[in-house]
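Chemist: Quick one: the structure is below, questions incoming.
None of the figures in this text is laboratory data; all of them are computed from the coordinates on show. Predicted model, so just to flag it, every value in this text is computed and none were measured. All Cβ positions, glycine included, derive from the backbone under ideal geometry; neighbour counts span all protein chains shown.
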Amino acid sequence: MPMSSGTRTLLQELTGWAAAGVIVAAGIVHLDTLKDVVRGALEASFPAHMGTAATSGATERDNERSQAPAGGIGQVEVQADAYGHFHSDVEVNGRTITAMVDTGASIVALSHEDARAAGIFVAEADYTHRVNTANGVARVAPVTLERVRIGDITIRNVRAAVSEPGRLKGTLLGMSFLSRLSRFEIRQGTLVLQD
């Protein structure tokens, strides 16, 4: 007996939802692998030999996360502002700046002014990459940050880029930092980061 068009449509929808469920489940199961893929893509975009202006010469062992504090896993909670953005004080190479946590940014993007405040000085010749921003195309200087700390969480050797003067109003704490955390999530207007 042939299927009605309604039954056929229902089966197609159920098949689509089942496929979506399988994709989500695979993403959860393989979260660490996905993070490694993102990290590898970032490293391919910004090779290690670039950005020596901010590189400290740390060893390969320092490339991993720092140890969690003695009390256990490092966790930071950041409250959303009135516009739903997450701003926090962040230490870059031991100097404090304010950054917006941005999962839509592929790397840590420092404004020219914040980079100077953090002791990172780039020359005109260092602006070797172009990126698309909300304000159009801008040139950036790839760098490696020796240490990025937010609350009890410290990540070493973080890929980043410094924007041209006046092109970025503030610093974005993007995926080159966030992808190295064990998890991050938003719960009822609070961003939770965990080492």
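Chemist: What list of ³J(HN,Hα) couplings, whole Hz, do you get for region 160-175 from phi and the Karplus terms 6.51, -1.76, 1.60, once you set θ to phi - 60° and write x for glycine and proline?
Modeler: Values per residue, Gly and Pro as x: 8, 9, 9, 7, 4, x, x, 8, 10, 6, x, 8, 10, 8, x, 5 Hz.
Chemist: Please give, to one decimal in nm, the separation of the simple spin-label points placed at VAL192 and ARG116, each 7 Å out from Cα toward the Cβ.
Modeler: In this crude label model, VAL192 to ARG116 measures out at 4.0 nm.
Chemist: Further question on the same structure: Tell me the label-point distance for the pair ALA125, THR98, using the 7 Å Cα-to-Cβ offset, in nm and rounded to one decimal.
Modeler: Once both label points are built, they end up 3.6 nm from each other.
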